1. Express the accessible area of the chain per residue in Å², computed with a 1.4 Å probe while the remaining protein chains stay in the model.
2. Can you work out ³J(HN,Hα) from phi for every residue in segment 139-155, in order, using Karplus 6.51 cos²θ - 1.76 cosθ + 1.60 and θ = phi - 60°, giving whole Hz and x for Gly and Pro?
3. Comparing VAL105, VAL70, VAL116, which has the greatest mean-square fluctuation in the GNM of the chain with Cα pairs linked when under 10 Å apart?
4. For a quick check: with amide H placed at 1.01 Å from N, whose amide H comes under 5 Å from VAL199's, ignoring anything fewer than 5 positions away on the same chain?
5. Given Cβ point charges of +1 (Lys, Arg) and -1 (Asp, Glu) and nothing else, what value in debye, to the nearest 20, does the dipole of the chain about its Cα centre take?
6. Under 15 Å Cα to Cα from LYS25, which aspartates and glutamates show up? Leave out anything in the same chain fewer than 8 places away.
7. What's the magnitude of the charge dipole for segment 68-175 around its Cα centre, counting Lys and Arg as +1 and Asp and Glu as -1 at the beta-carbon? Answer in Debye, nearest 20.
8. Can you send over the solvent-accessible area of TYR21, 1.4 Å probe, protein chains only, in Å² to the nearest 10?
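The values are calculated or read from the model by the stated rules, or taken from the named source; none is laboratory data. Treat the numbers as computed from the prediction; the structure is a model and nothing was measured. Note: ideal-geometry Cβ built from the backbone for every residue, glycine included; neighbour counts use all protein chains shown. With ligands, DNA and RNA removed, areas are computed over all heavy atoms of the protein, side chains included. Shrake-Rupley method; radii C 1.70, N 1.55, O 1.52, S 1.80 Å.
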Amino acid sequence: MPDLKKLVLFGAGGMGREVAYLVEKINDPHPQYELLGFVDDSPFDDHAQIGGYPVLGDTDWLIAHRDEVVCTCCIGNAGVKAKIQERLSQQGVKFESLIAADVDVPSSTSIGPGCVIYPEVGLSVDCQIGAGVLLNSRTTVGHDSTIGDYSSVMTGTGISGSCHIGREVNIGGHAFLIPGRRIGDRATVAAGSVVFSHVKAGTTVLGNPAKRMKSIE
């Protein structure tokens, strides 16, 4: 059996438990990873277990073992994820992309380091997926679309062809972007929204058609 990559997950919350299960499914039937456990800066009791895996320690533990392991960040919020992954990358931590076994990645589509791609995601041709991107289950990404670093796209979202999503964007579940729309950096698209117009950086849009909601920014 080939050597398995030693993997740790940063973040021991709900998404962390989901990603641990994703790793188990990736390993079945062809093991790729030895999942060592979780790293989290929240206080945990000694010998704490999450979903059957130990909490190994905090950021200091990860930095001390950076030459021995690869890491995937299990944080849903795009802005928080960006700060964590960029800080740890600067400390020499290597990030691993985890892609569900049923996801077909065309050869013309690129995926950056540290992404998490859940089952039943559809990726079309000539797409660019940045570092640390989360694509939750049943999301579809149309041809020639770009998703910037650390953005998070939740369950059942449809991204049509030639869309451009900036970095650190949060898109709620079951949203839909019509072809060619642009979402600026650090914007938020609320769940269920239908985006007909470009979305400016740093703004929040909601509804069908999606409109800016200044009161919740």
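1. On the way: 10240 Å² over 217 residues.
On a per-residue basis, 47 Å².
2. With the stated coefficients, segment 139-155 comes to 6, 10, 10, x, 4, 6, 8, 10, 10, x, 3, 6, 5, 10, 10, 8, 3 Hz.
3. For the chain, modelled as a Gaussian network with Cα springs under 10 Å, the answer is VAL105.
4. Under 5 Å from the amide H of VAL199 lie the amide H atoms of ARG182, ILE183, GLY184, each far enough along the sequence or on another chain.
5. Roughly 1120 debye, rounded to the nearest 20.
6. Partners within reach: GLU34, ASP102, GLU120.
7. 340 debye
8. Per-residue accessible area (TYR21): approximately 130 Å².
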